[in-house]
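The values are calculated or read from the model by the stated rules, or taken from the named source; none is laboratory data. This structure is a prediction, so every number in the text was calculated from the model and none was measured. Because the Cβ atoms are built from the backbone with ideal geometry, glycine has one as well, and the counts that use them run over all protein chains shown.
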Amino acid sequence: MLSIKGLHAKVEEKDILQGLDIEINPGEVHAIMGPNGSGKSTLGNVLSGRPGYEATGGSVLFKGQDLLELDTEERAREGIFLAFQYPVEIPGVSNMEFLKVAVDAKRKHAGLPELSAVEFMKLARETSKRVDLDASFLKRGVNEGFSGGEKKRNEIMQMMLLEPDLCILDETDSGLDIDALQVVADGVNSMRDGKRSFIVVTHYQRLLDYIVPDYVHVLAGGRIVKSGTKELALELEAKGYGWLENGEG
Amino acid sequence: MSDFQQQALTLAAEQQSPEWLTALRARGTDVWSTAKWPTRKTEAWKYTSLNPLQTDTPAQWASVDDCAWQQAIDPIALDATRLVFINGHFSREHSSELPAGVVRFSEADASQQALIRQHLGTVANTGEHLFVALSDAWATDGILLHVPRGARLEKPVYILNVATPEAQPAVSSQRVLVVLEDNSEAELIEHYVSGSEKQNLFVNSHTEVVVGNNAQIQHYRINLEQEDLLHVGGVHIDLHRDARFLGFTLAQGSRLKRIDYHVNHRGEGAHLGLNGVYLPRNKQLIDYHTNVEHRVPNCTTDEVFRGIIGDSAKAVFNGRIHIHQDAQKTLAELSNKNLLTSPTAEINTKPELEIYADDVRCAHGATIAQLDETSVFYLQSRGVTRADAVRMLSFGFINELLNEVPEQAIQDYLRPRLTTLFGESPQGDELGQMRYE
């Protein structure tokens with residue numbers, strides 16, 4: 001699914017990723033943890049092609065093709081989805097319109113016909129129910145006036161509608177209470193179908209009680225310094241990151 | 001006297017006008033011919049040059065052309081009393097039967113003439129706007145909308161002003177007078193439009209509105225004209241006790257478009273609500289000047305203007321609110337937001353609050369921004385192309401004001417036309433439909 005080798009990236013002239021390697025197979029859930037400033041969010045932004053996040057070395061293959069050569073929207077259509085840490089508010093653009101344009105773009109790319117307005121609205125309403133968002137949110141401006149939890153659920157709803165192959169959750173759990181976290185996790189878990197892969201970037205082990213990863217990686221100083229299974233997350237919770245940042249990992 | 005001032009007087013002399021308008025014409029002529037021609041040093045015209053009138057001075061009245069326009073122009077699908085003017089000439093053929101209270105000046109009976117003489121030229125102030133003097137000097141015909149005490153105009157009045165190309169630069173004039181007696185209600189839509197062919201018309205158009213005690217008007221002024229047309233005009237409003245003026249205006253096109261709103265709060269409890277949108281592109285220039293005079297206590301003003309300026313276009317917004325010493329307990333808000341979509345686009349915005357009363361609540365603000373790149377990226381990260389993202393974000397910037405337009409037919413008319421300004425929508429109509437769901 002995704003093969004990252006020796007990835008270097010800089011943000012505003014500052015080297016953030018310094019030789020990151022990761023291999024993700026279809027159906028796997030990889031958690032990426034690490035202290036603040038380790039480059040966790042940079043990884044998601046580089047993979048989705050955010051302007052200002054420049055890959056300066058290494059390679060990223062996604063489903064066999066060179067991901068770094070694609071524009072942001074092409075990556076999305078190919079099946080990359082980034083759930084934002086801070087979803088953007090866009091007043092004046094209705095959630096429904098935005099979602100329809102996005103879903104149609106994806107379908108067109110896959111050679112499928114666009115959905116009619118009626119078909120789409122039905123689908124959108126069903127999907128909003130799955131993340132416990134009232135259908136009235138579809139009519140509102142994108143994320144406009146949404147609470148923190150509503151924004152994150154809106155991200156998951158977009159993910160469900162776009163059916164990506166690789167979902168990157170960028171600190172989706174930060175700022176959520178347990179109930180909201182449960183809804184988000186249920187949504188994510190419902191999308192685990194053995195083929196779709198996930199990168200779950202988080203600062204807190206708590207999320208991994210709900211979304212149980214296959215692998216846990218620790219990112220520090222722009223590299224993966226330790227990898228393991230879900231037990232590693234518990235160890236990190238107990239011991240902190242200090243023992244890894246100083247040692248050889 | 002400048003060339004255009006001189007030429008305008010010659011054109012006035014060619015007109016046939018009713019005897020009962022002679023005094024108004026003479027007064028206008030007097031002000032017009034003695035006025036100093038505005039230059040860039042004249043504060044009200046600081047950013048808006050009148051040079052196009054001097055370099056290509058129109059020397060004739062526009063002609064009657066009553067067939068060609070129909071292929072090029074769709075009227076707004078309103079259930080309304082429609083009056084069609086082509087290059088300033090009334091077209092009976094394309095207009096509705098006029099109900100009682102809606103009459104052309106040229107067909108006014110004695111009592112209507114008296115009403116026109118009582119009000120025409122009293123709301124619009126030649127001292128505030130030189131082109132009101134020109135409108136007075138050119139006064140021959142016009143439309144009177146009169147709603148008697150306690151009555152409600154059954155249907156909206158829709159004045160469709162169509163411009164068609166002329167062989168030589170030409171002028172046209174439009175004048176509307178609305179008199180709403182106490183407790184009456186009306187809706188008026190003024191729509192200025194042309195085909196997409198190159199236009200060489202200069203339009204001078206002024207509307208005066210007298211809103212009596214506890215009366216209400218819903219007013220629209222929609223200017224969608226091809227970009228070579230020149231248009232100067234204004235809406236001049238007197239609000240009496242508890243009167244309400246609810247307005248929406250939109251402007252697109254013209255290399256010189258200047259529209260003024262002058263509002264007088266003359267009676268306590270009066271309310272002005274005015275939303276405006278301007279969308280100049282290419283080398284167009286759109287200038288809105290609004291001036292609200294709070295002369296008495298307990299009145300409210302809520303004014304919101306938004307502009308998107310693209311290419312090498314230029315916009316001017318000057319919003320003045322003047323709160324006189326006696327106007328205690330005034331509530332006034334003015335907001336102006338601008339979006340520049342090109343590095344060569346220009347906006348000159350100046351909100352002006354002048355407050356001489358000490359117990360008022362007023363807020364004003366102006367912002368200028370470029371498209372938010374984080375929002376563009378957010379949309380792109382969902383597979384939306386950059387072009388679509390820019391179109392959606394630009395439209396979104398004004399969509400909030402369109403959503404507030406009470407007349408659904410006007411929303412339906414504007415949406416597809418405005419969406420295409422920001423690039424072709426892949427499925428424009430369908431999306432337009434979805435916004436109403």
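Looking at A:L82 and the list (1) in contact with a strand residue (DSSP E or B) (Cβ under 6 Å, 6 or more places away or on another chain); (2) more than 8 Å from every other protein chain (Cβ to nearest Cβ); (3) surrounded by 21 or more Cβ atoms within 10 Å (Cβ to Cβ), which single condition is not satisfied?
(2)
Take the conditions closer than 24 Å to A:L232 by Cα, outside the structural domain of A:S41 (by TED's automatic domain parsing) and touching a Gly at 6+ places or on another chain (Cβ under 9 Å) and apply them to A:R192. Does it pass?
yes
Cβ-Cβ under 7 Å, sequence separation 6+ or interchain: first residue in region B:4-33 and more than 18 Å from B:S172 (Cβ to Cβ) and touching a residue at least 60 places away in the same chain (Cβ under 8 Å), partner surrounded by fewer than 19 Cβ atoms within 10 Å (Cβ to Cβ) and of a type in the set (K, R). Which pairs?
So the pair list comes out as B:W20/B:R117.
Any residue in region A:201-220 that is in contact with a strand residue (DSSP E or B) (Cβ under 7 Å, 6 or more places away or on another chain), of a type in the set (G, A, S) and surrounded by 13 or more Cβ atoms within 10 Å (Cβ to Cβ)?
no
For region B:364-392, enumerate the residues that are assigned to a loop (DSSP other than H, G, I, E, B) and at the interface with chain A (Cβ under 9 Å from one of its Cβ atoms). Give the steps one after another, and end with the answer.
Applying the first criterion (assigned to a loop (DSSP other than H, G, I, E, B)) to region B:364-392 yields B:371-372, B:381-385.
B:D372, B:S381, B:R382, B:G383, B:V384, B:T385, listed by residue number.
Working only within region B:296-311, note down all residues that are in contact with a Lys or Arg (Cβ under 6 Å, 6 or more places away or on another chain) and over 17 Å from B:S394 (Cβ atoms).
Just the residues of region B:296-311 that are in contact with a Lys or Arg (Cβ under 6 Å, 6 or more places away or on another chain), to begin with: B:297-298, B:306, B:310-311.
Residues satisfying the conditions are B:P297, B:N298.
Pick from B:V103, B:V132, B:V84, B:V123: which is touching a strand residue (DSSP E or B) at 6+ places or on another chain (Cβ under 9 Å) and assigned to a helix (DSSP H, G or I)?
On the way: B:V103 fails: assigned to a helix (DSSP H, G or I); B:V84 fails: assigned to a helix (DSSP H, G or I); B:V123 fails: assigned to a helix (DSSP H, G or I).
None of the others qualify; the one that does is B:V132.
Which of (1) closer than 22 Å to B:P75 by Cα; (2) modelled with pLDDT of 90 or more is the odd one out, the single condition B:L393 does not satisfy?
(1)
Only one of (1) more than 8 Å from chain B (Cβ to nearest Cβ); (2) closer than 24 Å to A:G27 by Cβ is not met by A:E69, so which one is it?
Checking A:E69 against (1) more than 8 Å from chain B (Cβ to nearest Cβ); (2) closer than 24 Å to A:G27 by Cβ, the one that fails is (2).
Any chance you could count how many residues in region B:135-157 are touching a strand residue (DSSP E or B) at 6+ places or on another chain (Cβ under 7 Å) and outside any loop (DSSP other than H, G, I, E, B)? Break it down stepwise before answering.
Residues of region B:135-157 touching a strand residue (DSSP E or B) at 6+ places or on another chain (Cβ under 7 Å): B:135, B:138-139, B:141-147, B:152-153, B:155-157.
Now narrow it down to the ones that are outside any loop (DSSP other than H, G, I, E, B): B:135, B:143-147, B:152, B:157.
Number of matching residues: 8.
Could you please find all residues in region B:64-79 being over 10 Å from B:L160 (Cβ atoms), aliphatic (A, V, I, L, M) and modelled with pLDDT of 85 or more?
Restricting attention to region B:64-79, the residues satisfying the condition of being over 10 Å from B:L160 (Cβ atoms) are B:64-68, B:70-72, B:74, B:77, B:79.
Next cut, aliphatic (A, V, I, L, M) only: B:64, B:68, B:72, B:77.
The answer is B:A77, and nothing else.
Just to be sure, is B:T420 assigned to a helix (DSSP H, G or I), away from chain A (no Cβ under 11 Å), surrounded by fewer than 16 Cβ atoms within 10 Å (Cβ to Cβ) and out of contact with any His (no Cβ under 8 Å at 6 or more places or on another chain)? So that I can check it myself, show each step before the final result.
On the way: assigned to a helix (DSSP H, G or I): yes; away from chain A (no Cβ under 11 Å): yes; surrounded by fewer than 16 Cβ atoms within 10 Å (Cβ to Cβ): yes; out of contact with any His (no Cβ under 8 Å at 6 or more places or on another chain): yes.
When the stated conditions are applied, B:T420 passes them.
Just for strands (runs of 3 or more DSSP E) wholly inside region B:249-352: which have at least 1 residues that are in contact with a Gly (Cβ under 9 Å, 6 or more places away or on another chain) and basic (K, R)? Before the answer, list the steps.
Working: elements: B:256-265, B:271-278, B:285-294, B:300-309, B:314-323, B:331-340.
The strands (runs of 3 or more DSSP E) meeting that bar are B:256-265, B:300-309, B:331-340.
Does A:E114 count as touching a helix residue (DSSP H, G or I) at 6+ places or on another chain (Cβ under 6 Å) and either over 28 Å from A:K40 (Cα atoms) or more than 8 Å from chain B (Cβ to nearest Cβ) (or both)? I'd like the intermediate steps shown before the answer.
Values: touching a helix residue (DSSP H, G or I) at 6+ places or on another chain (Cβ under 6 Å): yes; either over 28 Å from A:K40 (Cα atoms) or more than 8 Å from chain B (Cβ to nearest Cβ) (or both): yes.
Criteria met by A:E114.
Listed here are the residues, each with its yes/no results for (1) free of Cβ contacts under 8 Å to residues at least 60 places away in the same chain; (2) more than 20 Å from the chain's Cα centre (by Cα).
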residue: B:R40; (1), (2): yes, yes
residue: B:E43; (1), (2): yes, yes
residue: B:Y47; (1), (2): no, no
residue: B:L50; (1), (2): no, no
residue: B:Q54; (1), (2): yes, yes
residue: B:A62; (1), (2): no, yes
residue: B:D65; (1), (2): no, yes
residue: B:Q70; (1), (2): yes, yes
residue: B:L78; (1), (2): no, no
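Please specify each residue of region A:65-92 satisfying the condition of being more than 17 Å from A:P164 (Cα to Cα) and either among the acidic types (D, E) or within 23 Å of the chain's Cα centre (by Cα) (or both). Break it down stepwise before answering.
Of the residues in region A:65-92, the ones more than 17 Å from A:P164 (Cα to Cα) are A:66, A:68-69, A:85-92.
Within region A:65-92, A:D66, A:L68, A:E69, A:Q85, A:Y86, A:P87, A:V88, A:E89, A:I90 meet the criteria.
Given the criteria part of a strand (DSSP E or B) and on the phi > 0 side of the Ramachandran plot, does A:G6 qualify? Reasoning before the result, please.
Values: part of a strand (DSSP E or B): yes; on the phi > 0 side of the Ramachandran plot: yes.
So A:G6 fits the description; yes.
Could you count how many residues in region B:121-137 are surrounded by 22 or more Cβ atoms within 10 Å (Cβ to Cβ) and touching a helix residue (DSSP H, G or I) at 6+ places or on another chain (Cβ under 6 Å)?
Qualifying residue count, region B:121-137: 6.
Applying the selection to region A:20-58, what residues are among the β-branched types (V, I, T) and away from chain B (no Cβ under 14 Å)?
Taking region A:20-58 as the starting set, the residues that turn out to be among the β-branched types (V, I, T) are A:22, A:24, A:29, A:32, A:42, A:46, A:56.
The answer is A:I22, A:I24, A:V29, A:I32, A:T42, A:T56.
Within region A:154-166, take every residue that is within 12 Å of chain B (Cβ to nearest Cβ) and in contact with a strand residue (DSSP E or B) (Cβ under 7 Å, 6 or more places away or on another chain) and give me the one that is surrounded by the fewest Cβ atoms within 10 Å (Cβ to Cβ). Steps first, answer last, please.
Applying the first criterion (within 12 Å of chain B (Cβ to nearest Cβ)) to region A:154-166 yields A:154-155, A:157-159, A:161-164.
If we keep only those that are in contact with a strand residue (DSSP E or B) (Cβ under 7 Å, 6 or more places away or on another chain) too, we end up with A:155, A:159, A:162, A:164.
On the way: A:E155: 24, A:M159: 25, A:L162: 21, A:P164: 26.
Filtering first and then ranking leaves A:L162.
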